[in-house]
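Participant: Shown below is the structure under consideration.
Each value in this text was obtained by applying a stated rule to the coordinates, not by laboratory testing. In this text the structure is predicted, and so the values were computed from the model without any measurement. Heads up, the Cβs are rebuilt from the backbone with ideal geometry, glycines too, and the neighbour counts pull from every protein chain shown.
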Amino acid sequence: MTVAACEILGISKQRGIWLRCFLERRMTATILQIPVLVIFGCVSVAALAQTVCIKDGRPCSPDESREMFNAICKAEKAPANLFVAHSVRLTGTFFDPTGAPIDFDSIKPDHQTIVQIKSPASGEVLFAVPLRTNGEFEFELVPEGNYRLILVWMKDGKFERLPLTDQPKEIRCSDLKECRITSTITFHGSDNPLDYCAPK
């Protein structure tokens, strides 16, 4: 790809990372997340998303970048994904897309994977149990209601997101006494700024 073609497409090489695009030179402070797939002639190049903070045509200061990052975290939606029709004992297993049980604790032995049930309105953790190494979990009693069910890592009493992991999809429990669920946890590419936000 020629330099002229790169300029036309708004592409530059910086610090060894391919394909950073600055779509407008006079934009007000904004964060751009740019997944790029360029097909130009016989050349096909794919790049992961990057987050770029630009204000008034220049890179943001560290304080401006932090402010933008905080705005991204605050704007993240965290809707209910667990709907319980009756008070039940809730058990289940989480799998990865290959069908293997989720076992993040083997990646970082000083971390423990926790299954949390949160209030979607306040974000408060209502119930929490450890995820076993076989991907199973068990809550003795979950009252009727709508909740947010998420997986997090815990280290020294602090919670963080699991790396590159999407939270469980919608789960509905209509059983009267016990609800057993299975859920496949999906993964996303790197450079997602939400990966560095507090778990929601």
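Participant: I'd like the Karplus ³J(HN,Hα) series for the range 62-73: coefficients 6.51, -1.76, 1.60, θ = phi - 60°, whole numbers in Hz, and an x wherever there's a Gly or Pro.
Facilitator: x, 5, 5, 4, 4, 4, 5, 4, 4, 5, 4, 4
Participant: While we're looking at this one, here's another question. Roughly speaking, what is the centre-to-centre gap between the range 100-114 and the range 124-200 when only Cα atoms are used, to the nearest Å?
Facilitator: If you average the Cα positions of each part, the centres end up 13 Å apart.
Participant: Amide H neighbours of Ile181 under 5 Å, counting only residues 5+ apart in sequence or on other chains, H built in-plane at 1.01 Å?
Facilitator: Amide H neighbours of Ile181, under 5 Å, 5+ apart: Thr91, Gly92, Thr93.
Participant: What value in Å³ per residue do you get for the convex hull of the alpha-carbon atoms in the range 48-136?
Facilitator: 187 Å³
Participant: Under 18 Å from the Cα of Lys169, which lysines turn up, not counting those fewer than eight places away in the same chain?
Facilitator: Within the straight-line limit of under 18 Å, Lys169 reaches these lysines: Lys77, Lys118, Lys200.
Participant: Spelling out what I want: for every residue of the range 110-122, take phi, set θ = phi - 60°, compute 6.51 cos²θ - 1.76 cosθ + 1.60 (Karplus), and round to whole Hz; glycine and proline get x.
Facilitator: Listing the rounded values in order: 7, 10, 10, 7, 10, 9, 10, 10, 10, 7, x, 6, 9 Hz.
Participant: Calculate one ³J(HN,Hα) per residue across the range 84-100 by plugging θ = phi - 60° into the Karplus curve 6.51 cos²θ - 1.76 cosθ + 1.60, and present them in order as whole Hz with x for glycine and proline.
Facilitator: 3J(HN,Hα) across the range 84-100, in whole Hz: 10, 7, 9, 4, 9, 7, 10, 10, x, 9, 9, 10, 8, x, 7, x, 7.
Participant: So for Asp166, Asp63, fewest C-beta neighbours within 10 Å to most, what's the order?
Facilitator: In order of increasing Cβ crowding within 10 Å: Asp63, Asp166.
Participant: Given Cα pairs under 8 Å that are at least 6 residues apart, what percent is the relative contact order of the range 141-187?
Facilitator: 30 percent
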